[in-house]
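Student: Take this structure first; my questions come after.
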There are 2 protein chains.
Amino acid sequence: MTRFTVSYKLVADHEDEAMALSEKVAGEQSVEVPDDVLSPRIFEIFRGHTQKVSQTSESSWESKISYDSRLLGDDLSQFLNVLLGNVSLYNGVKVTGLSWDKLEHLQLNGPANGINGVRALCSAKSRENRRPLLCSALKPIGLSTAEIAEICYQFALGGIDLIKDDHGLANQASSPFEERVAACTAAVQKAADETGHKAIYLPNVTADGEQTLRRFSIAKKAGAGGALVIPHLCGLHQMNKLAADAEGFPIMAHPAFSGSYVLSNSFGFTPEFLYGELWKAFGADFSIYPNYGGRFSFSMESCKKINSACREELSATKKNCFPAPGGGIQRNSIRQFSEWYGKDTTFLIGGSLYQHPGGVKTACTELIDELESMYKET
Amino acid sequence: MTRFTVSYKLVADHEDEAMALSEKVAGEQSVEVPDDVLSPRIFEIFRGHTQKVSQTSESSWESKISYDSRLLGDDLSQFLNVLLGNVSLYNGVKVTGLSWDKLEHLQLNGPANGINGVRALCSAKSRENRRPLLCSALKPIGLSTAEIAEICYQFALGGIDLIKDDHGLANQASSPFEERVAACTAAVQKAADETGHKAIYLPNVTADGEQTLRRFSIAKKAGAGGALVIPHLCGLHQMNKLAADAEGFPIMAHPAFSGSYVLSNSFGFTPEFLYGELWKAFGADFSIYPNYGGRFSFSMESCKKINSACREELSATKKNCFPAPGGGIQRNSIRQFSEWYGKDTTFLIGGSLYQHPGGVKTACTELIDELESMYKET
């Protein structure tokens, strides 16, 4: 049977301490009983085994622990449990990596489209010269469906590539889900009929239990362009299930409710692991993360690491994922961010478009023109 | 319409800074656009409003922000989104409380049994003199169903009150879910036939999507006594759904994958809010948390706060929840912990029972005798 390897950052002062902590993690995440009550067979097969512990900085160590795939059974929830279940409660243990190629027996679907697949779905204008894509959000909650659809129409007229629901738009009485999806889908079509440019509209399908699957299906049938999913609210396994049916209908993953996993240096996941690797394996075609310089606190280094991780193809499916930094991007900074991050990026831009004195259509057009001119020059 | 209030701990150096951060949170968790683009109506109704900011220590402030229930629609996922969605990404903002009585329109089921309901389900021996309850876990993963059922039988013979699956037991080939549930249910019945004491067996039903509901239903039909649920793996909304059908079949919630929300002083949830309030609202009859003195790092103060929060009745249903500290409890410490924590506690004890030279049956009997004698004395 296959063993897969999880990499951890451990906080420890000495090598002995790091090794002891690694062995503690190896037991905690697998058999969870003291070694002296394990039979040799269970110890050998089912207990985690430290492969290597090496120092990375003064009080920081990298540990690699292998686990047998027989620990997992057929549940993705149990896979996440072995990855971070009880050690989510250990301050001093952080998941940094995983040998994904050893997990090919799990039903991890990966992105159905990937960067190339998403580009192929974009309107002709967006496909030219492989420039970064631009996505905005329909908001605020409280607007009527007609008001939201009008904004959607203006965005689409402005030539934006992607339009997503605000991640807070769910099934509020002010704009019920099904009504909104129909109206916004019609709005992007109307703009397309007028301009020849069709934006991809992604309604937020995040809900409770099977309701997420139902909304995804409603959105697809209504002719929307893809779906916004908040995996830490509806469940990563639910996003993975949607991904099985998302060819031509890309999934954009939103980080709400996920931040606690990535904000600490000493527990949880590294941002690049969560947003660049785990989400991709669970089916995200776009991974939204809080951009450097925005109202959150990610460093440029973290953002670049997330970008690289997203763009790496999954070995099993050869598909990758668009990094989608959100926050901090404005008309006067998009050129700079494009230089830093490169073409295969989807920029999320929200609030500042709404503040443009000429309206959101003009705001979009200016930004798209800025991007087009930048990439035509090169 | 009702407004509900969320309490936050904010990290800030001055009152102005705290107030600005509070207003930033109020916008972020609701309308998520700059105030200057909001109509007066949307600003008034849909934007969060800071009610009060007060200093609690040198760089720590308490902020109370009210939100209109119209923000929520009918999804619990959107409720969690308003509670901690994007601010999960803010280092310096931590959720500490909520006005639950203003959320009675949400489909939050709360515990189906509560402390009194669970006691009524316990075997006569466990009901006497309202002593703390004792729960152990079947492990390690890798044992066959027959081996697990034998341990279950020994625990039950030893007079333990509750027996749960290890939280890592899912549907592994070594002991498939349905087979294990049948065998362990038979094991506790066999012990009951012999001794008159029937332990409550709680298999782990945590799985992906609808599979969790199916396993819960299988467990119920097989005659198990309740269910172990890992809400941060299957989804809090899924636990809530199970709770609607859990009268006489209590739900024990396990903290795997939840630790990142509670380990920091400056983001996420306080442990007492997550394990004592949120889980209870979402249907936990028992809330397992990492005990003081165990292999995790909770303080005695945190543990006592969790205990108090669990025992408080939900205003809507008048039901509460058993605090279930795990880790650090042994034969020589259970008396001390009982004094600290009081009668309405369920102690989880695992590894040390397995290490007892006389076997798990003897280990259980000694512990139960210790508890019984303690409460007979009083």
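Student: Which number in (1) away from every other protein chain (no Cβ under 13 Å); (2) in contact (Cβ under 8 Å) with a residue 40 or more places away in the chain; (3) closer than 26 Å to B:Leu263 by Cβ; (4) touching a Pro at 6+ places or on another chain (Cβ under 9 Å) marks the one condition that A:Glu277 misses?
Tutor: Unmet condition: (4).
Student: Show the residue pairs that are 6+ apart or on different chains and have beta-carbon atoms under 6 Å apart, the first residue being within region A:228-257 and over 23 Å from A:Ala199 (Cβ atoms) and modelled with pLDDT of 95 or more, the second being of a type in the set (D, E, K, R) and not in a helix (DSSP H, G or I).
Tutor: A:His237/B:Asp208
Student: Another question, if that's okay. Considering only region B:46-63, I want to know if a residue exists there that is closer than 17 Å to A:Lys139 by Cα, part of a helix (DSSP H, G or I) and more than 10 Å from chain A (Cβ to nearest Cβ).
Tutor: Checking region B:46-63: not a single residue is closer than 17 Å to A:Lys139 by Cα, part of a helix (DSSP H, G or I) and more than 10 Å from chain A (Cβ to nearest Cβ).
Student: Testing A:Phe273 on (1) modelled with pLDDT of 95 or more; (2) touching a helix residue (DSSP H, G or I) at 6+ places or on another chain (Cβ under 7 Å), one condition comes back false. Which one is that?
Tutor: In the conditions (1) modelled with pLDDT of 95 or more; (2) touching a helix residue (DSSP H, G or I) at 6+ places or on another chain (Cβ under 7 Å), A:Phe273 misses (2) alone.
Student: While we're on this one: State which residue pairs qualify: first residue over 12 Å from B:Ile141 (Cα atoms) and in the same structural domain as B:Ile230 (by TED's automatic domain parsing) and inside region B:169-185, second residue open to solvent by less than 40 Å² (accessible area, probe 1.4 Å) and among the aromatic types (Phe, Trp, Tyr) in any location, beta carbons under 8 Å apart, and separation of 6 or more residues or different chains.
Tutor: Listed by first residue and then by second, the contacts come to B:Cys184/B:Tyr201; B:Thr185/B:Tyr201.
Student: Ok, one more. With the requirement that a residue be open to solvent by less than 20 Å² (accessible area, probe 1.4 Å) and either closer than 14 Å to B:Phe155 by Cα or not assigned by TED's automatic domain parsing to the domain that holds B:Gly158 (or both), what does region B:361-371 give you?
Tutor: Selection gives B:Ala363, B:Cys364, B:Leu367, B:Ile368.
Student: So which residues in region A:151-173 are open to solvent by less than 10 Å² (accessible area, probe 1.4 Å), among the hydrophobic types (A, V, I, L, M, F, W, C) and within 7 Å of another protein chain (Cβ to nearest Cβ), if there are any at all?
Tutor: A:Ala170
Student: From B:Gln330, B:Gln336, which residue is in a loop (DSSP other than H, G, I, E, B) and either open to solvent by 10 Å² or more (accessible area, probe 1.4 Å) or charged (D, E, K, R) (or both)?
Tutor: B:Gln330
Student: Kindly indicate whether A:Phe267 is farther than 27 Å from B:Asn265 by Cβ, open to solvent by less than 10 Å² (accessible area, probe 1.4 Å) and not hydroxyl-bearing (Ser, Thr, Tyr).
Tutor: Considered against the rule, which asks whether it is farther than 27 Å from B:Asn265 by Cβ, open to solvent by less than 10 Å² (accessible area, probe 1.4 Å) and not hydroxyl-bearing (Ser, Thr, Tyr), A:Phe267 comes out as no.
Student: Here is a follow-up. Could you please give the count of residues in region A:196-212 that are touching a strand residue (DSSP E or B) at 6+ places or on another chain (Cβ under 7 Å) and more than 10 Å from chain B (Cβ to nearest Cβ)?
Tutor: Selection size over region A:196-212: 6.
Student: OK, next. For B:Ile42, only one of the following conditions fails: (1) open to solvent by 10 Å² or more (accessible area, probe 1.4 Å); (2) within 14 Å of chain A (Cβ to nearest Cβ); (3) in a helix (DSSP H, G or I). What is its number?
Tutor: The number of the failed condition is (1).
Student: Considering every residue within region A:174-182, establish whether at least one is in contact with a Gly (Cβ under 8 Å, 6 or more places away or on another chain), surrounded by fewer than 24 Cβ atoms within 10 Å (Cβ to Cβ) and more than 9 Å from chain B (Cβ to nearest Cβ).
Tutor: no
Student: Name the single residue that is surrounded by the most Cβ atoms within 10 Å (Cβ to Cβ) among those in region A:19-39 being within 7 Å of another protein chain (Cβ to nearest Cβ) and of a type in the set (A, V, I, L, M, F, W, C).
Tutor: Top of the filtered list is A:Val31.
Student: Right, here's the next one. So, of the residues in region A:78-91 that are more than 26 Å from A:Arg41 (Cβ to Cβ) and of a type in the set (S, T, N, Q), which turns out to be nearest to the other protein chains (Cβ to nearest Cβ)?
Tutor: Across region A:78-91, the extreme among qualifying residues is A:Ser88.
Student: With the structure loaded, tell me whether B:Phe347 is part of a helix (DSSP H, G or I), among the aromatic types (Phe, Trp, Tyr) and either more than 18 Å from B:Gly159 (Cα to Cα) or open to solvent by less than 20 Å² (accessible area, probe 1.4 Å) (or both) or whether it fails that test.
Tutor: When the stated conditions are applied, B:Phe347 does not pass them.
Student: Select from region A:295-308 the residues that are more than 10 Å from chain B (Cβ to nearest Cβ) and touching a strand residue (DSSP E or B) at 6+ places or on another chain (Cβ under 8 Å) and write down the one among them that is farthest from A:Gln107 (Cα to Cα).
Tutor: Residue satisfying both the conditions and the ranking: A:Cys303.
Student: Considering only residues of region B:280-307 that are assigned to a loop (DSSP other than H, G, I, E, B) and among the hydroxyl-bearing types (Ser, Thr, Tyr), which is farthest from B:Phe322 (Cα to Cα)?
Tutor: Step by step, filter region B:280-307, then rank; the result is B:Ser297.
The values are calculated or read from the model by the stated rules, or taken from the named source; none is laboratory data. Quick caveat, the model's predicted, so the values are computed rather than measured. Positions of Cβ are backbone-derived with ideal geometry, glycine not excepted, and every protein chain shown enters the neighbour counts. What goes into the accessible areas is simple: the full protein's heavy atoms, side chains included, and nothing from ligands, DNA or RNA. Shrake-Rupley method; radii C 1.70, N 1.55, O 1.52, S 1.80 Å.
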